[in-house]
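S.K.: Below is one structure. I have some questions about it.
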Amino acid sequence: YPFRERSETPSMAIELSLQCHRAYGMDGIIMFSDILTPLPTLGIEFDVVKGIGPVISTEVKCEEDVQKLKDAEGVDFDVTVPFIREILGTLSKEAEEANTSLIGFVGAPFTLASYTIEGKSSKHCLDTKKMMMADEDGSSKAMTMFLDKIATMIGAYGCHQIECGAQVIQFFESWAHQLTPRQFEQFAKPAAQKAIKIIKEKHPDTPVIYFANGGASYLELQRDMGADMIALDWSVDMAEARKILGPDIPVSGNIDPTILFGSKEQIEHAVRDCIDKAGGPGKHLMNLGHGVMQGTPEEAVGWLVDECKRYKGKDA
């Protein structure tokens, strides 16, 4: 089945969401979806092509293109993405029965804007960077306009997920590695902060996690995102990240996903090392520093989860 059919057909998405939890008993059920799912809400059309990945057909390169997009205010997500309510509603009941949390997620505005501008996955994001430079010199404000529109929509989409049953929302800034610290501070950060603020103002008790993949080189700029937790990628040492962020900011992460291709002993050591550097058991949310890679041995995931649950700390 094509990816969009799987993620937008409630029966399929629900089953795929539950499979990992049934197999490994993790502390949470994650909705099977995609960060691009709400883009058609703005009139941005996309497909996920096998062997290529997401391909976006709607062109956004200038202010006029942004103005042609649909209004981000007052979107009825039950009309534009009607499957979300059924998926999260059913998963919410499953999570309650399993005594676990239901995690929803959204793409951060810069990542969604960049995906749209480039049209597909891009090595250098050159068109995006040209738009940022044009924004800086005042010749075109298309980038700022586009980010603001997406931030408004994504904030509302996160609220919709919560109202449908999600208990946690994670922001994925999947293309943070394309940004210099200055570009992050000028473009990606304010847009993400706006979207997070929309969620927190409406649902102050729902935890929000912010994950900037490849953003470890500017962790100090993420202290004031407005999120309840910062997720760390695998490129930074957990102890160093703790120093940069300080003791009061909850963190998650950040084991290198490729360790799951290693031995049982190597996986267990990586788990213990990460927990110890984070401050010991209960001091952070253990996770990979990015997603499980295609081809990962399933038993290796089990070894990681089992060690997370077993390990009581180096002084135990």
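The values are calculated or read from the model by the stated rules, or taken from the named source; none is laboratory data. Computed from a predicted structure; not experimentally measured. Note that we place each Cβ from the backbone using ideal geometry, even for glycine, and neighbour counts take in every protein chain shown. To get the accessible areas, we keep the full protein, side chains included, count just its heavy atoms, and leave off ligands, DNA and RNA. Shrake-Rupley method; radii C 1.70, N 1.55, O 1.52, S 1.80 Å.
S.K.: Here are labelled values, (1) 18.9; (2) 15.8; (3) 26.6, and one is the computed mean projected area of the Cα convex hull in nm² for what I pasted. Which one?
M.R.: (2)
S.K.: At R0 = 22 Å, how high is the FRET efficiency between LEU126 and ARG223 if r is their beta carbon distance? Nearest 0.05 is fine.
M.R.: Efficiency, from the Cβ-Cβ distance: 0.15.
S.K.: Quick one: 3J(HN,Hα) in Hz for segment 266-276, Karplus 6.51/-1.76/1.60 with θ = phi - 60°, rounded, Gly and Pro as x.
M.R.: With coefficients 6.51, -1.76 and 1.60, one gets 5, 5, 5, 5, 5, 5, 5, 4, 5, 5, 4 Hz.
S.K.: So what is the calculated 222 nm ellipticity per residue for the chain, using -39500 (n - 2.57) for each DSSP H run with n of 4 or more, over all residues, to the nearest 500 deg cm²/dmol?
M.R.: -14000 deg cm²/dmol
S.K.: Sticking with this one: Round to the nearest 10 and give me the degree value, 0 to 90, for the angle of helix 109-118's Cα axis relative to the longest principal axis of the chain.
M.R.: With both axes taken from Cα atoms, the answer is about 60 degrees.
S.K.: Looking only at the chain, where both bridge partners belong to it, what percent of the DSSP beta bridges are antiparallel (to the nearest 5)?
M.R.: 20
S.K.: Find the relative contact order for the chain and round it to a whole percent, using C-alpha pairs within less than 8 Å whose residues are 6+ positions apart.
M.R.: In percent, rounded to a whole number, it is 14.
S.K.: Let me test this: with uniform point scatterers at the alpha carbons of segment 173-292, what is the Debye-based log₁₀ I(q)/I(0) at q = 0.11, 0.16, 0.20, 0.23 1/Å?
M.R.: Values returned for q = 0.11, 0.16, 0.20, 0.23 Å⁻¹ are -0.37, -0.76, -1.10, -1.33.
S.K.: Given a 1.4 angstrom probe, what's the average accessible area per residue across the chain, in square angstrom?
M.R.: Value for the chain: 47 Å² per residue.
S.K.: Further question: About its Cα centre, how strong a charge dipole does segment 166-316 have in debye, to the nearest 20, once Lys and Arg get +1 and Asp and Glu get -1 at the Cβ?
M.R.: Around 420 debye, computed over segment 166-316.
S.K.: When only DSSP loop residues count, what trypsin sites (Lys or Arg not before Pro) in segment 121-196 have their Cβ near at most 12 other Cβ atoms within 10 Å?
M.R.: Filter output for segment 121-196: LYS123.
S.K.: Given a 1.4 angstrom probe, I'd like the percentage of the accessible area of segment 134-275 that is carbon and sulfur, rounded to a whole number.
M.R.: Reported share for carbon and sulfur atoms: 52 percent.
S.K.: If you don't mind, there's one more thing I want to ask. Could you rank SER57, SER33 by how accessible they are, 1.4 Å probe, largest area first?
M.R.: SER57, SER33
S.K.: Please give the helix 83-97 orientation as an angle from the longest Cα principal axis of the chain, in degrees from 0 to 90, rounded to the nearest 10.
M.R.: With both axes taken from Cα atoms, the answer is about 20 degrees.
S.K.: Between ASP315 and ARG4, what is 0.36 nm times their sequence separation minus the Cα-Cα distance? Round to one decimal in nm.
M.R.: 107.2 nm
S.K.: For ILE29, enumerate residues with amide H under 5 Å from its amide H, sequence gap 5+ or separate chain, H modeled in the peptide plane.
M.R.: SER101, LEU102, ILE103
S.K.: Does a label point 7 Å from the Cα of LYS68, set along Cα-to-beta-carbon, have any residues of segment 149-171 with amide nitrogen under 18 Å, and which are they?
M.R.: 149-150
S.K.: If you place +1 on the Cβ of every Lys and Arg, -1 on the Cβ of every Asp and Glu, and leave all else neutral, what size is the dipole of the chain about its Cα centre, to the nearest 20 Debye?
M.R.: The calculation lands at about 400 debye.
S.K.: Considering only Cα-Cα distances, which of the following residue pairs are longer than 24 Å: LYS68/LYS129; LYS202/LYS243; LYS129/LYS277?
M.R.: LYS202/LYS243; LYS129/LYS277
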